[in-house]
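Structure first, then comments.
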Amino acid sequence: MTDKFISIEGIAKRYPAPGGGTTAIFENLWLGMKRGEFVCVIGHSGCGKTTVLNILAGLDETSEGAVIVDGQSIEGPSLDRAVIFQSHALLPWRTVMGNVAYAVSSKWRRWSSQKIQAQAQKYIDLVGLTGSEHKRPSELSGGMKQRVGIARALSITPKIMLMDEPFSALDALTRGSLQDEVRRICLETGQTVFMITHDVDEAIYLADKIVLMTNGPNAVLAEIVENPLPKDRKRTDFHKHPLYYGVRNHIIDFLITRSRNFSGNAEGYDPRHVPVVKPGFSEPAIAATGKGSASASRAASA
């Protein structure tokens, strides 16, 4: 489809199995994203979420299928795709400015040092680290280090930002503050984001769409949950929205029960057209049994 900015087309990842043959972590995944969308992926450990992200980043190869970003097939790493990992991955001998400027100079090699520093400063200011430019990572808190990682990723103006549980190691207050910053920045810049999380509330707060993966091996994309909460939702009150618990209960129901029982061979399931769900408004086309989800039905009648 022409409106797909990112197109994951029938990808699979297989590894050699003990005694011969192969084990498929996931098979035949299809997913499209529009420019400017914020998509979160949720699934149990071992379903291949990080592998999908690494394939998008060009850090891993598919066993089958292809990934297209802005009309170009991914063939390896690119500065058009920025990755924020669980750990900050900063260069310990460089300052905040040095870490961000290093990324800028890697993309724009012909820029003057003044232009590089100005670009770096713009994104250091954007993540709220003005005044900390000359500090090294050892002088920063965990949250500040992640802010540097976010500034570094944004400073190269990537086409997509890939985030692998970037807040999982932080305390709750710092995590909430950084979620607010990321949401604000993405709304202001129209950044396209593909993010992995295990935090249901984090996904509901940040994402436009939440992709639910079944358990591995042989994981598939079971559903795409369209977030029905308003775009201008705030941390202070998004949990009070009348549709919040319908969305949350639907996702938790999937993680507890349906992620284990869902079969990619369910009657009517088509991996090229993953069922789209909007809890509180409609039922999914397909669930584990090939029928409407009970949790979505409850949400719709709430």
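The values are calculated or read from the model by the stated rules, or taken from the named source; none is laboratory data. All values derive from a computational prediction rather than experimental measurement. A quick note on method: Cβ atoms are made from the backbone with ideal geometry, for glycine too, and the neighbour counts reach across all protein chains shown.
Couple of notes before you dig in:
- Number of the condition not met by residue 48 [criteria: (1) buried (at least 21 other Cβ atoms within 10 Å of the Cβ); (2) at negative phi; (3) not β-branched (Val, Ile, Thr)]: (2)
- In segment 201-216 there is no residue that is surrounded by fewer than 20 Cβ atoms within 10 Å (Cβ to Cβ) and of a type in the set (Ser, Thr, Tyr).
- Residue satisfying all of: in segment 53-65; in contact (Cβ under 8 Å) with a residue 24 or more places away in the chain and out of contact with any strand residue (DSSP E or B) (no Cβ under 7 Å at 6 or more places or on another chain); surrounded by the fewest Cβ atoms within 10 Å (Cβ to Cβ) among these: 60
- Some residue of segment 59-73 being in contact with a Gly (Cβ under 7 Å, 6 or more places away or on another chain) and in the same structural domain as residue 181 (by TED's automatic domain parsing): yes
- Filtered residue count, segment 127-184, keeping only those that are in a loop (DSSP other than H, G, I, E, B), touching a residue at least 40 places away in the same chain (Cβ under 8 Å), buried (at least 18 other Cβ atoms within 10 Å of the Cβ) and in contact with a helix residue (DSSP H, G or I) (Cβ under 8 Å, 6 or more places away or on another chain): 4
- Filtered residues of segment 100-123 (kept if assigned to a helix (DSSP H, G or I) and among the small types (Gly, Ala, Ser)): 101, 103, 105, 106, 113, 118, 120
- Verdict on residue 178 being modelled with pLDDT under 90, of a type outside the set (D, E, K, R), more than 26 Å from residue 14 (Cα to Cα) and out of contact with any Phe, Trp or Tyr (no Cβ under 8 Å at 6 or more places or on another chain): no
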